[in-house]
Each structure stands twice: as structure tokens, then as C-alpha cells.
1. Taking H placed 1.01 Å from N in the peptide plane, check which residues at least 5 places from GLU78 or on another chain put their amide H under 5 Å from its amide H.
2. So, by mean Cβ neighbours within 10 angstrom, what's the order for 102-110, 127-135, 53-61, 149-157 with the highest one leading?
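Since every read-out is calculated from the coordinates, none of them should be taken as a lab result. The model shown is predicted, which means the values in this text are computed figures rather than measured ones. When we count neighbours, we look across all protein chains shown, and the Cβ atoms used for this are built from the backbone with ideal geometry, even at glycine.
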Amino acid sequence: MASPTDAAKNLPMIACLGTSRTLGTETNRPDVENVSALRTVMTNALCHKSTLVYDGHCSFCCRWVARIARRDRSDTFEFVARQTEGLTKRFPKMVEGDFNTGMRLITPDNAIHVGADAAYQIARRLRYWRWIAWLYHVPGIHRLTRAVYAWIAANRESLGGKCDDETCKPC
């Protein structure tokens, strides 16, 4: 039987939004059989960032993600293309729903915001965009914002330019 030290060395690393963490220690380690389930549940709980999931094959989406990333001076977000391998294992709720309805923002408490609601959540977390985020709560603006976002999501490929199989690589 392996010692606790050997078992701890074999525990998987968690890619935690730019850092790596090992689950368990010699004195406080989870059951080795439950590490996979524990990793899925704890990944966001261990981290303090929100995860923005976007279509990595959409040039329009990639430009907006780059724009958000440039303004994210507090390192608030992790940016992950929806084509990233293992994404649904990390966020099982991502399997639900149609991703074509828009980006997803997953907060550290595992709440998922979709489309215009995600855009609002992003705006309220960015320093210079906070001043306009309150508009989302003005009567009528919420509904209008959702309608505009739905149109953009439906037309994002034509807004960002055509992309063939050779040039469609996650950004």
C-alpha cells in the first residue's frame, strides 16, 4: 500500500485560473477514489475568478474577449474557449442549453450567467464599465439589451467575418 506521501504526489493538479494547486496534503488529503469528483466540485470554489466561456472559433467573439481582457486589470476573469477539452467535466452544467445563445460567465459560486446577463456581470466587475452597468436595471433596458444580444449572437459569424476550417482555430 502506498504511503500518504506517495498518494499525495499522485494527486492531480488543478489548473486554477492561472495557478496550479494540488488537492490534499500528507496530513489532510481526500480519499484517492473521490479525487476526480472532488476536483470538479472544488475547482471554482478554490479560485476567486469568474470564468468567461466564449466561442473560440468566432472572430467577433475573440475580438470582444481580447477587449475585455485588456480592461481586466484586476485579473478578475479567466477566459476559456468553449472548444477547450474537459470544459464540461469542469463545469457539468455547461452541457445544458444551447451555447449559440451566447457566452457564459461562471462565477466562483458556480452561478452561470448567459448572454446579456453575462455582459452585465462582466461590466459590473470592470473598473471603467461599472458606471454604465446600472443601466441594465432601468425598466425596458434589460429587455432591449437581451434582444440586441440575441441578434448579435445569431449573427456573430457575419459580424466577425467568414472563417473556414483552416483558419478556425480557438483564439
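1. Long-range HN contacts for GLU78: SER50, THR51, LEU52.
2. Working: 102-110: 18.9, 127-135: 11.9, 53-61: 21.9, 149-157: 15.7.
Ranked from most to least packed, the peptides come out as 53-61, 102-110, 149-157, 127-135.
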